[in-house]
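S.K.: Sharing a structure, written as structure tokens. Questions coming.
The values are calculated or read from the model by the stated rules, or taken from the named source; none is laboratory data. Fair warning: this is a prediction, and the values are worked out from it, not measured in the lab. Cβ placement follows ideal geometry from the backbone for every residue including glycine, while neighbour counts extend to all protein chains displayed.
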Amino acid sequence: MLNRRQKHILLKFFSMFSVVRGYNILVIAIAQYLTSIYILAYHLPLREVLFDVKLFMLVLASSATIAGGYIINNFYDSEKDLINKPIKSKLDRLVSQNTKLSFYFVLNFLAVVFASYVAFNAVLFFACYIFAIWLYSHKLKKRPLVGNIVSAVLTILPFFAIFMYYKNFDTVIFVHATFLFLIISMRELTKDLENIKGDLLQDYHTIPIVYGEKASKIMLSILSILTLIPTYLLLNKYQIGYMDFYFYASIFLLGLFLVILWKSKEKIHYLILHNILKVILLTGVFSILLIDVSVILNRI
């Protein structure tokens, strides 16, 4: 049995894990490695990619930067989250704001240290990335459209770091990135619809507040239709192995998304839509394995 002090420490740990969204960071780290193995460095032996110290440092720098980003975002959104996410907010508040900010600076420092092992350009990249996250959390997040676009770009940037490391400019990479960007943009706009109450009370000028829910639904419908372009290209112009099953499933889920979207009126409906997009993103990470199911045997 844990004593009171041990329980308190455990709760603090879970609180900080919730603030930095450790599960998201783990998924992004896995996605970076799978993207490297199957898409960006598919021509290299598997062992060489897995045990590449510089790649490992880039993944660590990305993880530290993203964790810091979640902390600063939590810091600025603390009042809004009390309304939109009351249960999570109570858990997050078990750790003081001073502790969170201290941890934020430590994580950013570590990100720069990890990047310095790779190259000076990597240090500049992550320094700019850290600043961009702060600027988004402090200013840009409250601006309609701009905040959504910047958020989607910031989400993709960790993969851009790996992309620049391998310098692989195959067009298939840009098509994959376009699909990812569109899905993430849809998720950001759906989150705005889900959190409209708290955003309104905290004077956030999001798309649903400035232009209305109907305009937001029209934009989501357009984004959903636009995903068919990279999907078509990936299914018909490039070799993606059994990953084509993922894209067929995505078409079905996006169709379901549109049906539910135009019937949505309450927060629970937008939460369901948000979860559909999260499923598409999460399964997309692990479906990369389907590009070449024999890669472990052939590239050792």
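S.K.: Search segment 224-237 for residues that are assigned by TED's automatic domain parsing to the domain that holds R187 and free of Cβ contacts under 8 Å to residues at least 60 places away in the same chain and pair each with any residue that is charged (D, E, K, R) and part of a helix (DSSP H, G or I) when their beta-carbon atoms are under 9 Å apart and the residues are at least 6 apart or on different chains.
M.R.: Note: pairs meeting the criteria are L235/D244.
S.K.: Does segment 117-130 hold any residues that are part of a helix (DSSP H, G or I) and among the small types (G, A, S), and which are they? Don't jump to the end; show me each part of the working.
M.R.: In the first step, residues of segment 117-130 are kept if they are part of a helix (DSSP H, G or I); the result is 120-130.
Once the filter is applied, which keeps residues that are part of a helix (DSSP H, G or I) and among the small types (G, A, S), segment 117-130 yields A122, A127.
S.K.: When you go through I39, I71 one by one, which is the residue that is in contact with an Asp or Glu (Cβ under 9 Å, 6 or more places away or on another chain), at pLDDT below 95 and either closer than 27 Å to Y238 by Cα or buried (at least 22 other Cβ atoms within 10 Å of the Cβ) (or both)? Before you say what the answer is, go through the steps one by one.
M.R.: Working: I71 fails: in contact with an Asp or Glu (Cβ under 9 Å, 6 or more places away or on another chain).
Residue meeting the stated conditions: I39.
S.K.: OK, next. Please state which of the following conditions L46 fails to meet, knowing it meets all the rest: (1) modelled with pLDDT of 90 or more; (2) among the aliphatic types (A, V, I, L, M); (3) over 18 Å from the mean Cα position of the chain (by Cα); (4) closer than 30 Å to V172 by Cα.
M.R.: (1)
S.K.: Within segment 2-10, is there a residue that is touching a helix residue (DSSP H, G or I) at 6+ places or on another chain (Cβ under 9 Å) and among the polar types (S, T, N, Q)?
M.R.: Looking only at segment 2-10, we keep the residues that are touching a helix residue (DSSP H, G or I) at 6+ places or on another chain (Cβ under 9 Å), and these are 2.
Going one step further and asking which of them are among the polar types (S, T, N, Q), we end up with none.
Looking through segment 2-10, none of the residues is touching a helix residue (DSSP H, G or I) at 6+ places or on another chain (Cβ under 9 Å) and among the polar types (S, T, N, Q).
S.K.: Could you look through segment 187-231, keep only residues that are acidic (D, E) and modelled with pLDDT under 90, and pick out the one that is nearest to I276 (Cα to Cα)?
M.R.: The first filter runs over segment 187-231 and keeps only residues acidic (D, E), leaving 188, 192, 194, 199, 203, 213.
Checking which are modelled with pLDDT under 90 leaves us with 199, 203.
Working: D199: 22, D203: 28 Å.
That would be D199.
S.K.: Here is a follow-up. From the list I149, I162, I133, I183, exactly one residue is outside the structural domain of D77 (by TED's automatic domain parsing), in contact (Cβ under 8 Å) with a residue 12 or more places away in the chain, among the β-branched types (V, I, T) and part of a helix (DSSP H, G or I). Which is it?
M.R.: Values: I149 fails: outside the structural domain of D77 (by TED's automatic domain parsing); I162 fails: outside the structural domain of D77 (by TED's automatic domain parsing); I133 fails: outside the structural domain of D77 (by TED's automatic domain parsing).
It is I183.
Each row is one residue, and each column tells you yes or no for (1) in contact with a Pro (Cβ under 8 Å, 6 or more places away or on another chain); (2) of a type outside the set (G, A, S); (3) touching a residue at least 60 places away in the same chain (Cβ under 8 Å).
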site	(1), (2), (3)
R5	no, yes, no
M16	no, yes, yes
I37	no, yes, yes
A41	no, no, yes
D52	no, yes, no
G69	no, no, yes
I72	no, yes, yes
Y76	no, yes, yes
E79	no, yes, yes
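S.K.: If you scan segment 185-223, which residues turn out to be buried (at least 20 other Cβ atoms within 10 Å of the Cβ) and small (G, A, S)?
M.R.: The answer is S185, S216.
S.K.: Somewhere in segment 242-264, is a residue part of a loop (DSSP other than H, G, I, E, B) and without any contact (Cβ under 8 Å) to a residue 24 or more places away in the chain?
M.R.: First, the residues of segment 242-264 that are part of a loop (DSSP other than H, G, I, E, B): 262-264.
Among the residues that remain, those that are also without any contact (Cβ under 8 Å) to a residue 24 or more places away in the chain are: 263.
Checked segment 242-264: at least one residue is part of a loop (DSSP other than H, G, I, E, B) and without any contact (Cβ under 8 Å) to a residue 24 or more places away in the chain.
S.K.: Give all pairs with beta carbons closer than 9 Å in which a residue from segment 199-222 that is free of Cβ contacts under 8 Å to residues at least 40 places away in the same chain and within 21 Å of S78 (Cβ to Cβ) meets a residue that is of a type in the set (V, I, T) and in a helix (DSSP H, G or I); count only pairs at least 6 apart in sequence or on separate chains.
M.R.: If the second residue must be of a type in the set (V, I, T) and in a helix (DSSP H, G or I), the pairs left are L200/I209.
S.K.: Of the residues K54, K100, which is among the basic types (K, R), within 27 Å of D292 (Cα to Cα) and assigned to a helix (DSSP H, G or I)?
M.R.: On the way: K100 fails: within 27 Å of D292 (Cα to Cα).
Only one candidate qualifies: K54.
S.K.: Among the residues of segment 179-207, which ones are over 14 Å from the mean Cα position of the chain (by Cα) and more than 15 Å from N84 (Cα to Cα)?
M.R.: Scanning segment 179-207 gives H205, I207.
S.K.: Inspect segment 230-245 for any residue being farther than 12 Å from T190 by Cα, among the small types (G, A, S) and either out of contact with any Leu (no Cβ under 9 Å at 6 or more places or on another chain) or surrounded by fewer than 16 Cβ atoms within 10 Å (Cβ to Cβ) (or both) and give the result as yes or no.
M.R.: The answer is no, given that none of the residues of segment 230-245 is farther than 12 Å from T190 by Cα, among the small types (G, A, S) and either out of contact with any Leu (no Cβ under 9 Å at 6 or more places or on another chain) or surrounded by fewer than 16 Cβ atoms within 10 Å (Cβ to Cβ) (or both).
Table: residues versus (1) over 21 Å from the mean Cα position of the chain (by Cα); (2) closer than 28 Å to I222 by Cα.
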| site | (1), (2) |
| --- | --- |
| S78 | no, no |
| L101 | yes, no |
| Y104 | no, no |
| A122 | no, no |
| S137 | no, yes |
| V146 | no, yes |
| L157 | no, yes |
| A177 | no, yes |
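S.K.: Looking at segment 74-121 only, could you name the residues that are surrounded by 17 or more Cβ atoms within 10 Å (Cβ to Cβ) and of a type in the set (G, A, S)?
M.R.: Within segment 74-121, S89, A111, A115 meet the criteria.
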